[in-house]
Amino acid sequence: MLDTQYQAKDHESQIYKLWLDHDCFNPDSKINQNLRAKSKKGQESYSVIMPPPNANDPLHVGHAMFVTLEDIMVRTARMQGKDTVWIPGTDHAGIETQFVFEKKLKKEGQSRFNFDRETLFKMIWDYVGENSAIAVDQIKKLGASADWSRYKFTLDQDIVKTVLETFTKMNDDGLVYRTNRLVNFCPKCGTAFSNLEVDHKEQDTSLYYIKYGPFVLATTRPETKFGDTGLAVHPDDKRYQQYIGQEIEVEGLNGNFNLRVIADEMVDPEFGTGVVKITPYHDFNDFAAWQRHKAELPEPIQVVDFEGRLTAAAGKYARLKVAVAREQIVKDLEEKGLLVKVDKNYHNNLSVCYRCGNPIEPLPLPQFYIKVKGLTDAVSQRLDQGEIKVYGAGHDKILRHWLDNLEDWNISRQIVWGIRLPIWYKIEENLDAQITFIDTEKQRVSGKLSELLEKYSIDEIRNGLQNINASIEAKYLVSQENPGDNYLQETDTFDTWFSSSQWPFVTLMNNKPGDFERFYPTATMETAYDILMFWVMRMLMMGIYKTGKAPFKNIYLHGLIRDAKGQKMSKSKGNVVNPMEISEKYGTDALRMALIIRSSAGLDKSVSDGDFKATRNLSNKLWNASRFILLSKEENKEKPIANCSNDQAFEEKLQAITKEVTKNLESFQIGVAADTLYNEFWHWFCDQCIEESKKGLINQDLMFKGLLIFLKLLHPFIPFVTEAIWQELVKENLVEEKILASSAWPE
RNA sequence: GAGCCCGUAGCUCAGUUGGUUAGAGCGCUUCAUUGACAUUGAAGAGGUCAGAGGUUCGAGUCCUCUCGGGCUCACCA
């Protein structure tokens with residue numbers, strides 16, 4: 001007989017093992033085939049692709065949220081007899097992982113510059129391998145009914161092959177191009193980022209008013225002045241009409257130089273002095289201005305390098321870090337009498353790296369881009385046609401906005417942890433490429449390929465290769481195979497999102513034979529709203545491009561989990577809820593229920609200890625109600641079944657609850673479904689009906705039937721306790737179906 | 001500057017085509033308790049659904065405006 005209290009810890013791991021032993025999560029298992037054979041919906045396919053968490057990161061509460069929501073959807077569909085699969089996986093998480101690994105290297109007194117790229121890749125691979133069980137084990141602990149026999153990792157060979165095929169197809173279709181543009185470069189992380197990966201931080205900074213010949217102009221970045229190639233004023237600015245088109249002489253820190261004055265509407269005559277210096281290689285607006293005025297302006301000059309130091313163009317300031325150089329330059333300008341004034345309380349937004357928080361430098365770098373216009377239009381069209389539905393407070397509108405305004409996608413990343421671009425440079429055609437490699441003496445060598453080849457063999461360069469920076473006009477070949485010994489492969493890797501945007505179809509195409517036809521398009525993509533444009537939007541673009549079909553029919557976006565006061569959780573605030581701790585303390589069921597009950601698509605949710613206690617109590621309530629019903633069933637075994645006065649009302653209500661909960665689940669009202677079940681089970685079934693049954697107003701057997709229905713309806717939400725009770729019923733021979741997880745949904 | 005979301009009980013939040021006395025959890029008050037459960041039960045206090053106007057037989061729900069909070073994007077060098 002059951003204990004008087006339900007102790008989640010005593011049951012959960014055994015229950016999960018029981019499910020695995022019966023292969024309950026695999027659509028091809030006997031038990032699920034039998035379930036489907038009896039179901040009207042047996043022909044209907046239902047698939048969910050799990051958003052792959054970072055392979056070597058412990059889970060946070062957001063993961064618990066997605067596991068719970070998706071598990072509810074999947075368990076419901078499975079019990080409804082649909083051909084159901086939930087495909088799990090993990091992500092190599094390019095920059096995230098390399099960033100963490102580099103911190104580890106730093107602790108050991110090393111840095112990425114000490115290794116050639118193949119060695120570094122291998123080291124990260126091993127590191128991830130050591131830790132990759134973490135995420136998977138924790139997902140299991142959360143009760144995920146995912147089919148582990150279909151598990152995939154983003155760097156699995158077959159996955160990579162398909163990703164590269166997609167790239168090749170895009171290249172063949174003319175969607176890929178290489179160009180030299182300003183990129184968002186993080187000197188600390190050593191890589192460029194797409195616009196989406198740049199954060200903006202409000203800051204108070206200084207606005208320096210500097211003398212430029214007859215003008216005074218305001219700038220926040222005096223250290224880039226050595227890259228000035230012109231000055232700009234507004235075409236209608238009366239003050240400066242006489243100078244437009246003229247060259248003026250400017251006194252500088254490295255001697256005098258000349259700048260031409262151009263007229264451009266981008267200049268706001270009201271701001272500062274109405275004069276702007278044009279520094280095309282270090283400011284996005286200036287770069288655009290330079291492109292408009294190429295005929296009037298000289299070639300741009302790069303003053304800041306990829307390590308965040310000034311280049312030789314800065315004369316005596318060369319090799320200084322940007323911040324140091326700025327201080328020094330301001331001081332020197334002041335001494336020379338070129339600094340007119342400083343506005344110290346200037347407020348603006350600084351672009352910072354979303355990963356490390358350091359300032360982003362706009363820098364010129366040839367990169368590979370994908371033309372997005374056709375891809376985004378195709379997505380908009382599907383949305384117009386209602387082929388894809390978005391659940392989540394207003395986020396559909398945000399998706400639309402992005403689709404209409406997305407700029408071409410920079411897919412090159414200067415890191416090693418990722419899928420290397422299948423781009424090849426023929427050596428004899430690219431002798432001007434800039435190369436960095438580690439020679440056999442473990443020395444880091446940089447230089448022009450032609451010069452390096454005089455001292456080193458091509459094999460030595462290839463083996464120690466760190467970085468190739470081919471010229472802007474470089475000729476290249478796209479090939480998934482090595483085209484020959486006279487080629488060097490591009491050292492850039494794909495943006496992580498380039499591979500994860502293909503996740504729904506690559507996982508299905510490279511799984512059991514027939515999976516793609518059987519499960520694509522998938523039913524629902526469920527994820528947090530904060531990666532809507534990084535991931536969901538791009539999955540739509542890539543899925544439609546590659547397969548002609550949107551990769552999913554529904555998008556369910558959940559909100560962020562916040563603390564009891566509604567504050568965002570963060571390590572520095574110390575208010576982080578660790579799902580594993582909650583699971584240990586209150587049980588996984590309590591964790592799951594607390595996260596999703598009364599949650600609403602697209603909106604954030606606060607949780608506190610009180611919430612977990614309340615849902616833990618639900619498990620206990622269910623356990624004890626079951627105990628009572630079993631006890632009374634045992635006692636009344638000999639008595640004939642008699643009809644009682646409230647039987648009919650009981651059955652009707654039970655039916656109504658089943659209908660309502662099913663409807664809620666099918667219309668993505670998951671928080672409402674949970675709330676309904678909680679209240680109806682506790683306050684109606686327990687508080688009311690059990691009491692009535694004690695008075696003989698409801699038939700005991702009917703109560704048992706009611707219990708079975710509640711166990712089934714509650715199972716997707718709190719799978720462990722419901723299954724634990726079910727197994728007691730199996731032991732007592734009271735039910736036919738051996739596993740609740742693969743039992744039929746009530747009608 | 002633009003867009004999006006939110007404002008419902010002391011706190012955290014549900015309330016999807018507008019429809020009976022507006023709900024839950026936690027907290028609070030009083031009482032109960034040997035046929036399951038104190039991780040319990042019963043009863044109760046507590047809301048002019050941010051404010052104003054409008055549409056309607058009827059508005060927490062739809063429209064307009066105002067105020068307050070949050071998020072995102074874009075920005076003046």
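The values are calculated or read from the model by the stated rules, or taken from the named source; none is laboratory data. Owing to the predicted nature of the structure, the values given are computational and were not obtained by experimental measurement. A quick note on method: Cβ atoms are made from the backbone with ideal geometry, for glycine too, and the neighbour counts reach across all protein chains shown. Side chains are part of the model used for accessible areas, which takes the heavy atoms of the whole protein and leaves out ligands, DNA and RNA. Shrake-Rupley method; radii C 1.70, N 1.55, O 1.52, S 1.80 Å.
Of everything in region A:584-595 that is buried (at least 24 other Cβ atoms within 10 Å of the Cβ) and closer than 18 Å to residue A:564 by Cα, the residue that is farthest from the chain's Cα centre (by Cα) is A:590.
Among the residues of region A:337-371, those identified as outside any strand (DSSP E or B) and either away from RNA strand B (no atom under 13 Å from the Cβ) or more than 28 Å from residue A:490 (Cβ to Cβ) (or both) are A:337, A:338, A:355, A:356, A:357, A:358, A:371. Per the listing A:631, A:665, A:618, A:603, the residue uniquely within 30 Å of residue A:389 (Cβ to Cβ), in contact (Cβ under 8 Å) with a residue 40 or more places away in the chain and within 9 Å of RNA strand B (Cβ to nearest atom) is A:603. Being touching a residue at least 12 places away in the same chain (Cβ under 8 Å) and surrounded by 13 or more Cβ atoms within 10 Å (Cβ to Cβ) is the filter here, so list the residues in region A:730-747 that pass it. The answer is A:734, A:735, A:738, A:739, A:740, A:741, A:742, A:743, A:744, A:745, A:746. For region A:192-234, the set of residues classified as in contact with a helix residue (DSSP H, G or I) (Cβ under 9 Å, 6 or more places away or on another chain), in a strand (DSSP E or B) and open to solvent by less than 40 Å² (accessible area, probe 1.4 Å) consists of A:193, A:206, A:208, A:210, A:212, A:215, A:219, A:230, A:231, A:232, A:233, listed by residue number. Of the listed requirements (1) of a type outside the set (Phe, Trp, Tyr); (2) touching a Cys at 6+ places or on another chain (Cβ under 9 Å); (3) within 13 Å of RNA strand B (Cβ to nearest atom), residue A:589 misses just one: (2).
Which of the residues that make up region A:611-637 are charged (D, E, K, R) and closer than 11 Å to residue A:703 by Cβ? Within region A:611-637, just A:633 meets the criteria. Where strands (runs of 3 or more DSSP E) fall entirely within region A:415-471, those with at least 1 residues that are within 30 Å of the chain's Cα centre (by Cα) are at A:423-426, A:465-469. Filter region A:705-737 for residues that are more than 13 Å from RNA strand B (Cβ to nearest atom), assigned to a helix (DSSP H, G or I), over 36 Å from the mean Cα position of the chain (by Cα) and more than 17 Å from residue A:18 (Cα to Cα) and give the result. Matches in region A:705-737: A:705, A:708, A:709. Within region A:421-441, the set of residues being within 15 Å of residue A:479 (Cα to Cα) and either open to solvent by 20 Å² or more (accessible area, probe 1.4 Å) or at pLDDT below 95 (or both) comprises A:424, A:426.
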